[in-house]
1. List every residue pair whose Cβ atoms sit under 8 Å apart, with the two residues 6 or more apart in sequence or on different chains, where the first one lies in the range 521-546 and is closer than 26 Å to A302 by Cα and β-branched (V, I, T) and the second, anywhere, is assigned to a loop (DSSP other than H, G, I, E, B) and open to solvent by 10 Å² or more (accessible area, probe 1.4 Å).
2. When you go through (1) touching a helix residue (DSSP H, G or I) at 6+ places or on another chain (Cβ under 6 Å); (2) farther than 21 Å from G738 by Cα; (3) touching a residue at least 60 places away in the same chain (Cβ under 8 Å) one by one for P814, which number turns out not to apply?
3. Based on this model, can you work out whether E596 counts as assigned to a helix (DSSP H, G or I), acidic (D, E) and without any contact (Cβ under 8 Å) to a residue 40 or more places away in the chain?
4. Restricting to the range 166-182, what's the tally of residues that are polar (S, T, N, Q) and either crowded, with 21+ Cβ neighbours inside 10 Å or within 16 Å of the ligand (Cβ to nearest atom) (or both)?
5. Given (1) surrounded by fewer than 19 Cβ atoms within 10 Å (Cβ to Cβ); (2) farther than 18 Å from E736 by Cα, identify the lone condition not met by D687.
6. Taking D106, is it under 30 Å from H714 (Cβ atoms) and in a helix (DSSP H, G or I)?
7. Step by step: first the residues of the range 81-106, then only those that are surrounded by fewer than 23 Cβ atoms within 10 Å (Cβ to Cβ) and of a type in the set (A, V, I, L, M), then the one that is modelled with the highest pLDDT. Which residue is that?
Amino acid sequence: MAYQNAFGVVRDLQFRGGSAKYYSLPALQQSGFPGVARLPYSLKILLENLLRHEDNASVKPVDIQALANWDHASDVEKEIAFTPARVLLQDFTGVPAVVDLAAMRDAMARLGGDPNRVNPLQPMELVIDHSVQVDHYGTPDAFHLNAELEYARNRERYTFLRWGQNAFANFRVVPPETGIVHQVNLEYLARVVFRADRGGVAWAYPDTLVGTDSHTTMVNGLGVVGWGVGGIEAEAAMLGQPISMLIPPVVGFRLEGSLPAGTTATDLVLTVTERLRRHGVVGKFVEFFGPGLASLSLADRATLSNMCPEYGATVAIFPIDAMTIDYLRLTGRDDSSVALVEAYAKAQGLFADEQSPEADYNEVIELDLDSIEPSLAGPKRPQDRVPLSAARAKFAAALPQMLAERKAPASPAAAAVTGPPIDHGAVVVAAITSCTNTSNPSVLIAAGLLARKAVERGLTRKPWVKTSLAPGSKVVTEYLEKAGLADSLDTIGFNLVGYGCTTCIGNSGPLPDEVAAQIEARGLIVASVLSGNRNFEGRVQPLVRANYLASPPLVVAYALAGTMDLDLTSEPLGHDRAGAPVYLKDIWPSEREIQECIAGSITAEMYREVYAGVFDGDDRWKAIAPPAGDRFAWDDASTYVRNPPYFDGLTLKAPPPQPISGARVLAVLGDSITTDHISPAGNIKADSPAGRYLQERGVPPKDFNQYGARRGNHEVMMRGTFANIRLKNQLVPGTEGGVTAFLPGGEVMPIFDAAMKYKAAGVPLVILAGKEYGSGSSRDWAAKGTALLGVKAVIAESFERIHRSNLVNMGLLPLQFPSGQSVAALRLTGQETFEIVGAADALAPRGTVTVEATAPDGSVKAFEARVRIDTPEELVAFRNGGILPYVLRQLLKKK
Ligand code: SF4
């Protein structure tokens with residue numbers, strides 16, 4: 001940590017159990033920056049980050065001055081470099097990241113360096129949670145059987161991660177069936193304040209992170225600044241590269257009052273999502289403050305922060321306060337760490353109490369917690385909140401549209417299928433799932449108490465409901481058992497199915513045959529009720545069109561009801577053994593019951609015991625023999641993990657930049673092309689290039705798995721690039737799917753096949769596109785795949801922020817049409833060849849280049865395109881062929 005200290009603000013901090021140096025914000029304030037005191041909490045964290053990383057290159061004194069003088073009333077844009085303290089991964093995105101590190105080690109060795117010097121420079125933690133699926137449910141052995149299947153399906157990926165766990169320093173893996181990434185982060189991994197020894201000196205600084213999962217924001221509930229990024233950004237961060245960002249607008253969200261009896265944090269977050277989505281907070285930081293905070297438990301806050309991507313903000317943060325300190329103690333953090341957090345936060349003006357001055361925000365929104373009512377959200381979007389009292393009517397109102405959108409039902413003969421008596425609105429999936437809620441003891445205890453009362457009254461789930469309980473940590477099992485509630489949940493069918501994302505990520509597994517057959521034959525619009533955070537059509541279960549997000553106790557209630565065609569606020573859920581009606585209000589637990597149960601069943605010791613073995617894994621994990629060696633022994637027969645070619649032919653010195661000349665157009669695309677259009681995550685079609693590749697290697701279509709699980713194999717992923725079945729390429733009008741015209745000549749073929757033919761002929765490629773190119777989830781394979789197809793530049797009307805940066809970090813040139821110009825306005829057809837004048841030697845961040853398009857008749861159109869390499873650091877990465885070769889060369893230079 002040999003950084004500069006231009007403002008002279010390093011101070012000493014004493015806390016119970018130790019001392020450390022730190023970069024003091026109050027000292028900066030006193031040195032001529034009075035506005036620091038009124039900065040929002042999140043901007044104070046970013047300011048400390050700049051102070052600590054000032055190096056006169058990425059971070060200059062002028063950057064620190066700009067943030068210290070931040071004016072909430074000004075809309076001047078200022079770019080800063082943020083260096084997160086750690087990186088968090090889940091297994092879908094983590095496998096390709098570790099594949100890249102393994103490939104870097106090989107390249108390091110090839111170039112005469114020490115492969116062992118390739119390691120994450122920042123702590124990197126990966127939680128395996130995305131792969132378990134609910135195949136078995138409702139029985140005592142469901143957990144065991146699902147875990148067996150998970151290991152059978154993912155052995156190759158897990159063997160690779162076992163190797164990585166041993167081979168890399170600074171890298172830890174939380175094995176499968178341990179927990180869900182964000183809940184494990186909240187309960188154990190988050191340091192809140194880091195303490196690190198550098199050169200014999202102890203330093204204290206805020207815990208900050210980026211994660212390769214959009215709900216990384218959940219840890220914002222603990223006062224930790226962090227958000228979700230694409231894999232390439234995460235890889236750059238883990239290798240010590242700062243992340244370029246604009247100082248964000250900050251929206252203050254003032255909370256008053258307290259939640260009324262009978263409502264939950266889930267009801268609150270669905271209301272906040274509705275409100276903020278309507279208001280518009282995309283690209284902004286949201287900061288919660290006000291007297292209402294005191295009534296929200298830390299777990300309630302984490303639930304609010306978790307759904308940040310659903311309302312569109314980058315960060316949704318709470319300050320550190322007494323509640324934070326209590327939570328750290330409850331979750332078994334050691335005394336000295338807790339003392340450090342408290343002392344550091346107080347010394348830095350980051351600790352909130354009644355005396356804290358209100359920060360200046362760009363704008364302020366207010367919400368009275370007393371106004372919250374029991375709610376669901378659906379049937380298709382998380383922001384479409386439905387009051388519980390209106391759920392029946394709202395489903396009925398949405399039904400005609402959903403009927404119109406469905407596939408026509410099978411023939412009348414097929415409709416004679418026998419099975420359970422279900423109709424439109426049947427609830428066929430009821431899942432207590434997602435770290436959003438399973439991290440919150442109050443809603444899980446409420447679900448357990450409701451289950452107990454239901455069992456006592458003789459109620460049970462309807463037989464067509466697929467029920468599951470998938471907590472995000474083993475602590476949940478411990479406290480449900482200690483509270484005596486696990487048996488009641490089991491009795492209703494909410495047996496443990498796994499510790500992982502399950503239904504929340506769409507791994508809900510198949511429906512029972514007789515239920516699926518009825519839905520398909522009769523074209524039924526059926527429903528799921530889940531305590532998750534996303535309900536887009538097709539995400540939860542392919543046969544379920546209506547998906548409702550709700551609190552865990554409401555999930556149990558809908559399992560009992562078995563249908564959306566019931567008003568749970570006025571109609572009975574069922575009848576008891578004596579034939580008396582049982583209403584939801586009869587079995588809904590009181591707040592006192594919930595709190596007494598929490599107090600009697602959850603202890604710090606429980607968290608300490610569970611997390612003492614968090615990196616150990618079960619016998620299945622231990623039985624995987626990790627390959628030995630510092631370098632991975634790639635298996636040529638593997639269809640899951642392969643050595644990517646990013647470093648093939650890499651030289652110690654970056655070669656001179658190559659001109660882009662005589663380039664052909666691989667695709668002409670319209671507006672709002674998402675990363676899923678560019679690199680789909682879902683099914684692999686048997687007759688697609690990726691499907692053919694797998695079948696040629698003996699993988700039958702039933703074992704294809706999805707593109708998401710194959711991200712460790714670049715051969716599959718590059719064949720899947722632009723393979724989305726909904727992609728419309730204007731080079732072949734009237735078609736859908738990943739096809740293009742090979743030029744000249746115009747033969748129509750899969751985009752991958754055309755790209756390989758161009759590559760063989762030494763022809764560089766460009767993509768032409770409209771507005772918001774690369775929107776949707778941050779997906780590094782959208783840039784990696786494009787690069788591997790041989791594309792050198794993407795010329796679009798505008799780019800999504802993360803995808804633009806991913807393109808540069810893969811060595812591709814993002815160019816923007818001049819204002820008012822587009823493919824249509826310039827009358828480009830895609831049949832032209834392209835020359836990008838100056839691509840080799842005259843590029844400047846945010847500069848311009850001349851693009852010349854030569855039509856088949858020899859006529860030339862020229863236009864000035866804006867270079868969307870936005871910073872000098874990005875230009876360096878681009879000139880090196882991408883961030884990974886750049887970092888590798890830096891490491892080699894230091895040998
Ligand atoms: Fe993301 Fe859901 Fe998994 Fe949590 S449970 S990490 S929100 S997929």
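The values are calculated or read from the model by the stated rules, or taken from the named source; none is laboratory data. Keep in mind the model is a prediction, meaning the values are calculated, not measured. In this analysis, Cβ positions are derived from the backbone assuming ideal geometry, glycine residues included, and neighbour counts consider all displayed protein chains. The area values use the complete protein model at the heavy-atom level, side chains included, leaving out ligands, DNA and RNA. Shrake-Rupley method; radii C 1.70, N 1.55, O 1.52, S 1.80 Å.
1. So the pair list comes out as V540/G506.
2. (3)
3. Details: assigned to a helix (DSSP H, G or I): yes; acidic (D, E): yes; without any contact (Cβ under 8 Å) to a residue 40 or more places away in the chain: yes.
Answer is yes for this residue.
4. Looking only at the range 166-182, we keep the residues that are polar (S, T, N, Q), and these are 166, 170, 178.
Checking the rest, the ones that are also either crowded, with 21+ Cβ neighbours inside 10 Å or within 16 Å of the ligand (Cβ to nearest atom) (or both) come to 178.
Counting residues in the range 166-182 that are polar (S, T, N, Q) and either crowded, with 21+ Cβ neighbours inside 10 Å or within 16 Å of the ligand (Cβ to nearest atom) (or both) gives 1.
5. With (1) surrounded by fewer than 19 Cβ atoms within 10 Å (Cβ to Cβ); (2) farther than 18 Å from E736 by Cα applied to D687, the lone miss is (2).
6. Numbers: under 30 Å from H714 (Cβ atoms): yes; in a helix (DSSP H, G or I): yes.
Yes; evaluated as a whole, the condition is true for this residue.
7. A85
Per-residue answers, yes or no, for (1) crowded, with 18+ Cβ neighbours inside 10 Å; (2) in a helix (DSSP H, G or I); (3) touching a residue at least 24 places away in the same chain (Cβ under 8 Å):
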| residue | (1), (2), (3) |
| --- | --- |
| D841 | no, no, yes |
| P845 | no, no, yes |
| R866 | no, no, yes |
| D870 | yes, no, yes |
| L888 | yes, yes, yes |
